[in-house]
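Notes to accompany the following structure.
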Amino acid sequence: MNHDSEEEIVRISISLPKDLYQRLDVLINKLNYPSRSKLIQDALESFIIEKQKRLDPNTQAAGAILILYEHEKSNIDERLVEIQHKYLNIIRSTTHIHLTHNLCFEVIVLEGVYQTMTELADELGVLKGVRTLKLVVSRVE
Ligand code: NI
């Protein structure tokens, strides 16, 4: 008999926006999750895998960063522009759509070294106001 289930457990306390919390609960019911903790553990596991899944950093790639964000939060428009100006060497174009009064969607089209793309995505992803950010990449042979 193995003892995998005897993994050491730590308890943490986290703060969530009410809306996220409610959507989490809907998902827990929909997917029949045994507990909220189990769903959060799985979500964190996927997040960590996604963040660590690195192609060879020097891979030549074409890609895009898709960002959905709330433009009224903490000068985010300005920060987005400033950061993009640091990555001139890989940004080919940027398309901005004003979705609603408060929501914007931006697509940044990229060509260059994969590692630089992940650096840009990581830098943008932590800005306050970003709801979702995805980096999509294709290898260029
Ligand atoms: Ni906008």
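The values are calculated or read from the model by the stated rules, or taken from the named source; none is laboratory data. The model shown is predicted, which means the values in this text are computed figures rather than measured ones. Here the Cβ positions follow ideal geometry from the backbone for every residue, glycine too, while neighbour counts run over all protein chains shown.
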For segment 112-131, which residues satisfy the criterion of being within 16 Å of the ligand (Cβ to nearest atom) and either of a type in the set (Phe, Trp, Tyr) or in a helix (DSSP H, G or I) (or both)?
-> 124
Matching residues, segment 68-107, being in contact with a Cys (Cβ under 8 Å, 6 or more places away or on another chain) and among the β-branched types (Val, Ile, Thr) | 97
Answer from 50, 45 - the residue that is modelled with pLDDT of 80 or more and on the phi < 0 side of the Ramachandran plot | 45
Among the candidates 106, 70, 78, single out the residue that is within 16 Å of the ligand (Cβ to nearest atom) and in contact with a His (Cβ under 6 Å, 6 or more places away or on another chain).
-> 106
Limited to segment 78-134, what total is found for residues that are within 28 Å of residue 17 (Cα to Cα), among the β-branched types (Val, Ile, Thr) and touching a helix residue (DSSP H, G or I) at 6+ places or on another chain (Cβ under 8 Å)?
-> 3
Name, by its number, the condition in (1) free of Cβ contacts under 8 Å to residues at least 60 places away in the same chain; (2) away from the ligand (no atom under 16 Å from the Cβ) that does not hold for residue 134.
-> (1)
Is at least one residue of segment 128-139 surrounded by 13 or more Cβ atoms within 10 Å (Cβ to Cβ), among the hydrophobic types (A, V, I, L, M, F, W, C) and touching a Phe, Trp or Tyr at 6+ places or on another chain (Cβ under 7 Å)?
-> yes
Can you give me the number of residues within segment 96-111 that are in a strand (DSSP E or B) and exposed (fewer than 11 other Cβ atoms within 10 Å of the Cβ)?
-> 2
Collect the residues in segment 81-95 that are in a strand (DSSP E or B) and either within 16 Å of the ligand (Cβ to nearest atom) or of a type outside the set (D, E, K, R) (or both), keeping them in residue-number order.
-> 91, 93, 94, 95
Would you please name the residue that is farthest from residue 133 (Cα to Cα), looking only at residues in segment 52-78 that are surrounded by 11 or more Cβ atoms within 10 Å (Cβ to Cβ) and without any contact (Cβ under 8 Å) to a residue 40 or more places away in the chain?
-> 75
